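All of the numbers you see were taken from the coordinates with simple rules; none came from a lab. The structure presented is a predicted model; accordingly, all values stated were derived computationally and were not measured. Note that we place each Cβ from the backbone using ideal geometry, even for glycine, and neighbour counts take in every protein chain shown.
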Amino acid sequence: MNCKRKKITASIYNDELVTIEKLKKRLSDEGLLVVPTTSEILRLVLHVLNAKTMKTFTAIVERDSDTKLYVGYVPGFPGAHSQAETLDELQENLREVIEMLLEDENLAFDTEFVGTQQIVIQ
């Protein structure tokens, strides 16, 4: 078996974030046999985990009776609001707004979302 040897020392390959599966396929396509060190594996795993860290936000969604648009906002998150014709479109719009707002290093939340309550009146 005639294999080329190449040392991969980071989780970035050709300036692109890759998953372990993509990395294996790319190296295989190039005919490379890679035996990573333990530290290289740990660096890759940590990098992928950090890149995939997910944050969850709760949005309040209402439907405007005049425009028939869905309107959503994240309580206590200044500027995190949007509107759309469909719920899927609203979710994507809110995701984009939140991602943009999270880039601000001086981000401060006004309040903390606790939950909702139903009030019954007779």
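Overview of results
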| read-out | value |
| --- | --- |
| Neighbourhood net charge (14 Å Cβ-Cβ; Lys/Arg +1, Asp/Glu -1) for residue 100 | -4 |
| Radius 13 Å from Cβ of residue 90, net charge of other residues (Lys, Arg +1; Asp, Glu -1) | -4 |
| Net charge contributed by nearby residues that have their C-beta within less than 14 Å of residue 71 (K/R +1, D/E -1) | -3 |
| Packing-based order for 78-91, 54-67, 105-118, using average beta carbon neighbours within 10 Å, highest first | 78-91, 54-67, 105-118 |
